[in-house]
Every structure is written in C-alpha cells, then in structure tokens.
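The values are calculated or read from the model by the stated rules, or taken from the named source; none is laboratory data. Bear in mind the structure is a predicted one, so any value in this text is a computation, not a measurement. Note that we place each Cβ from the backbone using ideal geometry, even for glycine, and neighbour counts take in every protein chain shown. Note: areas computed on protein heavy atoms with side chains; ligands, DNA, RNA excluded. Shrake-Rupley method; radii C 1.70, N 1.55, O 1.52, S 1.80 Å.
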Amino acid sequence: MKYIATVDGTDHEIEVDRVGEVTLDEVTMVTDLRAIDGSSYSLLLDNRSYQVFAERQAGRYVIMIDGDQFVVEVEDARLKQLRAMGGTAHEEMGGASVVAPMPGLVVKVLVSPGDEVEANQGLLILEAMKMENELRSPRAGVVRQVNVVPGQTVAQGDLLVRVEEAEG
Amino acid sequence: MLKKVLIANRGEIAVRIIRACHELGLETVAVYSEVDRNALHVRHAGEAYLIGPAPAAESYLRGDRLIEVALRSGADAIHPGYGFLAERAEFAEAVAAAGLTFVGPPPSAIRAMGDKVQSRIRMIAAGVPLVPGTAKGLRDDEAVAAAAEIGFPLLIKASAGGGGKGMRRVDRPQELLASLEAARRESQKAFGDDTVYLERLVEGARHIEIQVLADTQGNVIHLGERECSLQRRHQKVLEECPSPVMTPQLRAAMGAAAVAAAKAVGYVSAGTVEFLVDKQFRFYFLEMNTRLQVEHPVTEMVTGVDLVKNMLRIAGGRPLRVRQEDITWTGHAVECRINAEDPFNNYLPSTGRITSVVEPTGPGVRIDSAIFEGAEVSLYYDPMLAKLIVHGKDRPEAMMRMRRALAEYHIAGVKTSIPLHQHLVNTTQVLAGNYDTHYLEEQFRMERPADGARERVAAIVATLLAHRSRGDVINRLAPVGSQVEWKLYGRRAGLRRL
C-alpha cells in the first residue's frame, strides 16, 4: 500500500508492504511501532530507537521527536492522484476570512470596509492571555466585511474580517 | 519565626513557595479561584480557601479577601509570589496593618522602585549608572522635544510598567506619536496609569540582572547574575547563570551596584536589580524587581542558596546565614520557560485540557511546574505552564543536558514552546553565548538540519498510524457532504474495473 506523507511541504512516498516493513526513498526498513500510553509511541526503525509522541489533529498527524514538532499529512497515493485529476475547482477562490484564532477581546480595529490592504497588513488587535496580538491579512485585497468593534469579546473561530480580491 | 504562611498566588510559583514552607516546617494556606479547585497548589497546601471567580481581578487580586482568609485561617504571614499583588505597596501596607507579615520588601521600597521615574532619581543619588533618558512622566509634546535630544532609536516605557507592558521601541521621529498612544493604552489597561518616560535604546545590549538578599539587620549581599537576553516581546524565554560574558571583575562591579541600589531604598528580602550591559561591558540600571523572580531557580542551582527559604527566614526577622564571601558559583544552570503557545503559528496562545504530561528526570534536572493530566489551561492567567531547569558542571554540559531533557519532555493537549527551546539550544549563536536582547526576535529562525532525518521518521510514524486506521483515513479524504465524495467514488470504482 503506497502513501504520500507530506512534512514541511516535502512529499515522501512511503510504501507499507506488510506489517513490519516500510520503503522510503527506495530504502526498505524494518519497523516496529508500539503504542506505549496515550500519545506516546516507541519506534524501532532498523533497530534505531525513537521516542515519539503522535496525535491526530484535524486530519493531520502532529509528531513530536526529540522535543521538536512535525506536522504530517498522509494520503493514500492512489487517492492523491485521483484528487489531482479532479482539480481544485471546489476550493474557494479569491477571498480570505480572518477568524479569531482564540477567544479574546478586540482592542482596536485597524481597517474599515473598502480599505485596500497588503498581505500581512495588520487588520485588528486582539487581546488574549494578557497579550495584544495583531491579526494580519493573509492576502492583498479589499476589506469587504468587518464584523467586530473595539471592546467586543469574540469566541474562537468567529469571523472577524473578510478580505477579497480587488476588482479589476 | 513564622508559623503559617498564606500563599497569595497560583501556578508553579505557589507550589514552589509551599514546598519551601514545608521544608522549613511551616504550615501553608492556599487560595484558589473557582477554576483552580483542582490546581496543584491547592492539593499541596495544608489548607485551601476559595476566594472568588476565575478573573484575577475578582480573586487573586482581591487583597481584602486574601487578608481576611489569612486572619481566618490563623496564618501569620502572606507570601505574594510574583505577579498579581507582589509589587503593590498598598497591599503590603494592608497586610502589615492587619497585623500580618508580608514576605517581601517594606512598602516604602516597593514604592520607591515601582515608580520608574522616582527610582531613577534615587539611583542617580546612590551612584548607580543609568541609561540616558527623561526623568518624569511626559505629555506628548514634551516627549517629542525630549526624543530629539535623546536620539533614535529610543524606548517608551510605562512609569508603572514591568514585563514589557507599555514598552515600545521607536526608530523614527514620525513613529513617536503612534507609539506613545499604544504604550499609554497598554499601560492604562495593565496598571491603571498612562504615565510614560523615554530612554535611549542601548543597541546590542544584553539583559543581565543581579539577585540580592537583604535582611532586617541591614545586611545586603548579592548572589551574582542571571543572563536574560533571550526575550520575545520583552518576555524572558531562556535564562542562564553565569552569563556567557561574565568575568569576576564585572560581577563584582555589578554586584556592588546592585547592593548599593538595594541599600538606597532600604530594601529587605529577595530582590533583583536589572541591568543593560552594552558591547563594551558598561552596565546601566534598568529597574529593580521588588519580588521573587520567575527565573530565580538558576541562581539557586549555581549558588546552592534557596532564595524562597531565605525570604521566609528574613520575614521571620532572622539575619542572613550567609555572608558575601560565602557565595560561590558552581557549574552552570539554564532555565527554559515552557509556555502554552504555538511557536509554529506566531506564538498564538494555546488553551485547553492537558491530556498527558511526560516530564524529564535524571541527573541535574529540575522542574517547577503546576500542570498535570486533566489540568485546564485557560485564558484567565499567565500562559507559563512550567519551568525546566538544568544544572551541569559547565555551560556545554548544561546545554547538552537541556537538549536531552527537552527531548524527554512532552505535554499533550495544548501547544507548547518546547520546540522553540529545542531549536534555541541547537543554534550556534545560542551555544556560543553570542546573543543580545534582540537576537531571538530579529535573527533567530526555527530552522532544521538539511538532512531531513527526523522529518523522514515523522513521515514514517504518521504513515504507519494512518495505515493502521486505513478505512478511517480514506473516508476523511474527501470533504464531507460535497459532490467530490461521489466523484471520487466514481473514479475509484472506475479504477477498480481497470
């Protein structure tokens, strides 16, 4: 069974042949992955021992090795191919929504509807955990919607600002 | 000597103080807000009392309730820890007025050092070197005039400030007014006071602070420095002792200045005098923190002096047991502050329930922590979860030990700054001790070795886990409820026929 595992933007083709063996970059290795407790795993990879913590989050795997973190997306290689054939027509084009990454208090709104903004331009300041955090525009465009006012408390995931492609 | 101490704090520092009390044979009283019933400090303490709802303003900042609980429980002293009421002179006064002992400096010393403008005047009189700057709260027009004299870049600082709140760097004259507004707003919110002052920015400077201990008999000693230059948004991230640039001569000079600063305000208890040290090793007084510091453990590890126990003994009227000549510095200690934040996503705060904790152990490792499986990390309080401190015979051993300990450390359920620290102690400049207060924010990048070895291991682990739950994975690949699922099904069926 072939998979594509994507780490930091790099695709790795990994074949899991039968229990205990994987092939990566044409090198076949003997693996022994044991679940220890909760998110804790022990991996022996050709007898090299790794202490690993792994969690599934939003369809991706967050892997901790040696105190460093890697986010891995795994797809069935065949399905990935199919998706490539299907194209990206279903992706939302042209706009970007800025949502509250955490609950907090809107301290200041830096833009108004109709404003043209650059990518990474500050849109508003959200205070959470006693720190002011500037939320920035993920893209260049025009502010179409501002849903909050200073002093307003927002919940995680609330739509704050919408930036769309500038017309013409 | 004291008999029973109320700890007016929460989190790791409350636990730290409770431990010191118990080792001294003192009884302890914890206080907690409604969301902290299960907290570690409640469970470690001899007694615990509810003081109010989750917001600190209605619980841990309610001095009246804290004093009432102290009286009701028969405590004879209150230790404020750091943050909350630790540097509020009025609270220290109210504690004394209630006939209780405040485990900290006299209110007059808190007040003298708490007002940054007043403290500058006192330090000038005591002969402690200062960074050029303005000497009083300024109106905006006065600030513009003063800024031209001081020169750019400069810093705007809140008179009542601390921990970087209300502090702003200004590089150009045209940025001054906007930055003044932001600094005043932050200061007003954090301290209820929008008075600011200006100071020349010493470029390439290190932040090095000196720990002092003073008893009620008038003995004042210093316990050497802590190097705190690795900062982000003026919050310390990693601290070490000794500083990589320290020499016995510089330590003696800075120590003497710190002792003079403490004596100038009649200081008693543990305190910290913060200095900027420039590239020529000239040092300038920044401020004095009139409380126990977060990073106090690195000093304890290297000097062998328990600062919290000393604070308690001093509060009980005992003279210092150690003289200046008894203080020696053995080996090297490093502390990493483990915060609930995502170093891969602009350090956004992370909240939630901690689902598992695996703490490093073994030689030379100390953890001051208040987290456990099931602990809730909320937005109500400081994002610091724990402090990981290591001690080694020298700096290289301490750094290698920190790498080893960080590799063992795992906290699940919230994002933490553990990866940031692991990257830091694997960075050439940090290992070389070659960094200043701007290094972390301006130069440091989370980069990995190009060999991609651990990336491949991560890919293999994720793939094996995905393989084990294969049906699950395939079903999740297509967006639920969209037409894509059906199209995929059709194509898949088509492929099967081939």
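Residues in the range A:7-43 that are open to solvent by less than 40 Å² (accessible area, probe 1.4 Å), facing chain B (nearest Cβ under 8 Å) and within 22 Å of residue A:79 (Cβ to Cβ): A:7, A:12, A:14, A:16, A:22, A:24. When the range A:95-124 is examined, which residues are found to be in a strand (DSSP E or B), of a type in the set (Gly, Ala, Ser) and within 14 Å of another protein chain (Cβ to nearest Cβ)? Those that are in a strand (DSSP E or B), of a type in the set (Gly, Ala, Ser) and within 14 Å of another protein chain (Cβ to nearest Cβ): A:104, A:122. The number of residues in the range B:324-354 being among the hydroxyl-bearing types (Ser, Thr, Tyr) and more than 11 Å from chain A (Cβ to nearest Cβ) comes to 2.
For the range B:57-64, the condition of being assigned to a strand (DSSP E or B) and either assigned by TED's automatic domain parsing to the domain that holds residue B:318 or open to solvent by 20 Å² or more (accessible area, probe 1.4 Å) (or both) holds for none of the residues.
Any residue in the range B:469-480 that is modelled with pLDDT of 90 or more, more than 30 Å from residue B:376 (Cβ to Cβ) and in a helix (DSSP H, G or I)? Reasoning before the result, please.
Within the range B:469-480, the first condition is being modelled with pLDDT of 90 or more, and the residues that meet it are none.
Checked the range B:469-480: no residue is modelled with pLDDT of 90 or more, more than 30 Å from residue B:376 (Cβ to Cβ) and in a helix (DSSP H, G or I).
Selection over the range B:103-129 of residues that are in contact with a strand residue (DSSP E or B) (Cβ under 6 Å, 6 or more places away or on another chain) and closer than 15 Å to residue B:269 by Cα gives a count of 4.
Quick one: how many residues across the range B:439-455 are touching a residue at least 60 places away in the same chain (Cβ under 8 Å) and open to solvent by less than 40 Å² (accessible area, probe 1.4 Å)?
Of the residues in that region, 2 qualify.
A search for C-beta distances below 6 Å between a residue of the range B:365-377 that is under 19 Å from residue B:20 (Cβ atoms) and any residue that is open to solvent by 50 Å² or more (accessible area, probe 1.4 Å), counting only pairs 6+ apart in sequence or on different chains, returns B:367/B:359. Name every residue in the range B:141-174 that is over 24 Å from residue B:191 (Cα atoms), touching a helix residue (DSSP H, G or I) at 6+ places or on another chain (Cβ under 8 Å) and not in a helix (DSSP H, G or I), in order of residue number. Hit for the range B:141-174 is B:152, nothing else.
The test for being surrounded by fewer than 19 Cβ atoms within 10 Å (Cβ to Cβ), part of a helix (DSSP H, G or I) and without any contact (Cβ under 8 Å) to a residue 24 or more places away in the chain does not hold for residue B:280.
For residue B:232, the stated conditions do not hold, so it cannot be described as under 19 Å from residue B:130 (Cα atoms) and not aliphatic (A, V, I, L, M).
Scanning the range A:74-91 for residues that are at pLDDT 85 or above and surrounded by fewer than 18 Cβ atoms within 10 Å (Cβ to Cβ) gives a single hit, A:77. I'd like to check something: does the range A:125-148 contain any residue that is at pLDDT 90 or above, outside any strand (DSSP E or B) and either more than 12 Å from chain B (Cβ to nearest Cβ) or out of contact with any helix residue (DSSP H, G or I) (no Cβ under 9 Å at 6 or more places or on another chain) (or both)? Yes, there is a match, as at least one residue in the range A:125-148 is at pLDDT 90 or above, outside any strand (DSSP E or B) and either more than 12 Å from chain B (Cβ to nearest Cβ) or out of contact with any helix residue (DSSP H, G or I) (no Cβ under 9 Å at 6 or more places or on another chain) (or both). Determine if the range B:193-200 includes at least one residue that is open to solvent by less than 30 Å² (accessible area, probe 1.4 Å) and either farther than 23 Å from residue B:130 by Cβ or among the charged types (D, E, K, R) (or both). Yes, there is a match, as at least one residue in the range B:193-200 is open to solvent by less than 30 Å² (accessible area, probe 1.4 Å) and either farther than 23 Å from residue B:130 by Cβ or among the charged types (D, E, K, R) (or both).
When only residues in the range A:8-44 that are more than 27 Å from the chain's Cα centre (by Cα) and under 17 Å from residue B:453 (Cα atoms) count, which is modelled with the lowest pLDDT? This residue is A:26.
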